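The values are calculated or read from the model by the stated rules, or taken from the named source; none is laboratory data. Note that the structure is predicted; figures quoted are calculated from it, not measured. Reconstructed Cβ throughout: ideal geometry from the backbone, glycine too, with neighbour counts over all protein chains shown. For accessibility, only protein heavy atoms count, side chains too; no ligands or nucleic acids. Shrake-Rupley method; radii C 1.70, N 1.55, O 1.52, S 1.80 Å.
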Amino acid sequence: MTSLFAQEIRLSKRHEEIVSQRLILLQQTENKLGDQNKEKASQMQTAETALQRNLSLLKDIEAAEKSLQTQNHPVPPPEVASLETLYWASVEEYIPKWEQFLLGRAPYPIGVENPNEAEDTIQKEVQQ
């Protein structure tokens, strides 16, 4: 009988330990849930603030775009227009020479200074 009584006491103590651990775990779970809710609310607030900032920036960009569209763009001086025309004519002239080289189908264009050769020449002059 004493052994049953001792076993009953052991089981009762074990039950109290389990109930105590359960309460601790429940409190930890509630605390964690509360922390998660606070974090979620903070993230929502941050997202809302970012959304408002982005909308404000978008309005500013649209206003700047309208402002730029409505401004008169002065016609460049004839010298600048002439230089631009000459530049694009030069580009058009050299495209066929460079195209095959850039595609790896032809050697370096003859009549155009090779930057590697120029670099080698400069290094030789420096060494002398």
Margin query: How much accessible area per residue does region 1-74 have, counting only protein heavy atoms and a probe of 1.4 Å, in square angstrom?
Written below: 98 Å²
Check: Q100 versus S67, label points 7 Å from Cα toward the beta carbon: distance in nm?
Finding: 5.2 nm
